Amino acid sequence: MTQHQLDARRMLCPLPVIRTQQKVEALTTGDTLAVVCTDPGALHDIPAWCRVNGHEVLGIQEQDDEIIISIRVGEE
Amino acid sequence: MQQPRKAAALISGGLDSLLAARVIQQQGIHVEGINFYTGFCVEGHTHAIRKKDKARPKRNNALWVAEQLGIKLHIIDIIEEYKDIVANPKHGYGANLNPCLDCKVFMVRKAREWVERKGFDFIITGEVIGQRPMSQRKATMPVIAEESGADELLLRPLCAKNLPPTLPEREGWVDRERLYGFEGRSRKPQMALAAELGFEDYAQPAGGCCFLTDAQYSHKLADLWRARGDRRYELDDIMLLKVGRHLRPRPHFKLIVGREDGENKFLQGYRKQYTNLVTISHNGPLVLVDGDVNDDDLLLAARLTARFSQGRDSDRVDVQVNMRKGDSKTLQVAPMAGDAIPKDWYL
């Protein structure tokens, strides 16, 4: 299990979701990924994407204009 | 026990693809959704930009549909490949720069490649004969199936009874009798089916889910192509066409003027890529310059920037010009009068 980070700043939804999906495809079950984004749409879309695809949202932090969404990769 | 057959559903986020997927799920088929992102999707972007839209729901309708259906959703980035579809559509455009038939062929082809790669059995779409004037007609249904290469693997559950049986029907994977024969522009059959299936809340986008069906957006894209001398664009170009007031005072440059705080903030992300102007003596918009400009052009751009600032009625407004190459200067200008701006400068 390893920790990873994805910079999705300045991307507008659904691009942060697409980049998250691409990154997760290369990870293994149990890995964690912190997605850093600036589009508030990601606050809704990334958790929704996690729910439909079986991944877990570990937490969401909002700091200034940045949002960090931490997820744990589920089973394929 | 035999594994269930697997279908990939093209999910737009609208009602028809939601219904088509549910109808097939009800026949015991394992369904997963595919949603394509072209860069022109109305979904997602603009609600995040304009301040007045901040309170609107920010849900992505395709993801929302997938949640309602309880299916996985694969969002596929086709931005690069899609450029050629927009620039050179074999079947031409609709009322605006919408290449709907080529778009559908392309998406079904990508879906076919996906099902082949993932070991799925067939493809479903929410298409209904006669629903859309360009891409969803009786004559175009076989064109999409043939040109995409999906052929008999393409099943349209909502209008299947008006079309020849496809492989999933002939093989008995799907019971044709439990499919539908919707036809025409009326939405009533879909709304009745939605009620029957227990769906009460669903997206009903006016004018479709693609910016290319929008007349003003298409006008701005056509202007961009004309100014560049060819039909090319980058993702940033088509994002910026969705934001701000666009004016083309001269053939070789245009201005993108933020209309409110949300847009100004969004445009700030492009300050390093574009020469930009901002008023410093008064509150005002951030203005990006798209094109190569000389000193006279910058003076005109500064007067226009002042016009859209709170200093529009002042004798003099200080405008800071930040060149793309990094240097900056301040111009003191008289704001241009509103009636001095030719109407055809507005895109």
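The values are calculated or read from the model by the stated rules, or taken from the named source; none is laboratory data. Owing to the predicted nature of the structure, the values given are computational and were not obtained by experimental measurement. Note: ideal-geometry Cβ built from the backbone for every residue, glycine included; neighbour counts use all protein chains shown.
The table below gives the values:
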| read-out | value |
| --- | --- |
| Tally of residues being part of a loop (DSSP other than H, G, I, E, B), at pLDDT below 95 and surrounded by 16 or more Cβ atoms within 10 Å (Cβ to Cβ) across the range B:262-280 | 1 |
| The range B:283-292: number of residues that are surrounded by fewer than 21 Cβ atoms within 10 Å (Cβ to Cβ) and either within 10 Å of B:Leu255 (Cβ to Cβ) or at pLDDT 95 or above (or both) | 2 |
| The range A:18-40 - residue that is assigned to a helix (DSSP H, G or I) and surrounded by fewer than 17 Cβ atoms within 10 Å (Cβ to Cβ) and, of those, nearest to the other protein chains (Cβ to nearest Cβ) | A:Gln22 |
| Number of the condition not met by B:Asp102 [criteria: (1) more than 14 Å from every other protein chain (Cβ to nearest Cβ); (2) touching a Ser or Thr at 6+ places or on another chain (Cβ under 7 Å); (3) part of a helix (DSSP H, G or I)] | (2) |
| Candidate set from the range B:64-84 (those that are under 17 Å from B:Val105 (Cβ atoms) and not in a strand (DSSP E or B)); member that is nearest to the other protein chains (Cβ to nearest Cβ) | B:Ile78 |
| Of all residues in the range B:227-248 being over 13 Å from B:Leu267 (Cα atoms), touching a residue at least 12 places away in the same chain (Cβ under 8 Å) and not aliphatic (A, V, I, L, M), the one that is nearest to the other protein chains (Cβ to nearest Cβ) | B:Tyr233 |
| Out of A:Leu43, A:Leu6, A:Leu15, sole residue that is within 14 Å of another protein chain (Cβ to nearest Cβ) and either free of Cβ contacts under 8 Å to residues at least 12 places away in the same chain or closer than 19 Å to B:Ile79 by Cβ (or both) | A:Leu15 |
| Verdict on B:Tyr37 being in contact with a Ser or Thr (Cβ under 6 Å, 6 or more places away or on another chain), at pLDDT 90 or above and within 14 Å of chain A (Cβ to nearest Cβ) | no |
| Residue in the range A:46-61 that is surrounded by the fewest Cβ atoms within 10 Å (Cβ to Cβ), counting only those that are more than 9 Å from chain B (Cβ to nearest Cβ) and in contact with a helix residue (DSSP H, G or I) (Cβ under 8 Å, 6 or more places away or on another chain) | A:Glu56 |
| In the range A:63-76, residue farthest from the other protein chains (Cβ to nearest Cβ) [restricted to those that are touching a strand residue (DSSP E or B) at 6+ places or on another chain (Cβ under 8 Å) and surrounded by fewer than 20 Cβ atoms within 10 Å (Cβ to Cβ)] | A:Ser70 |
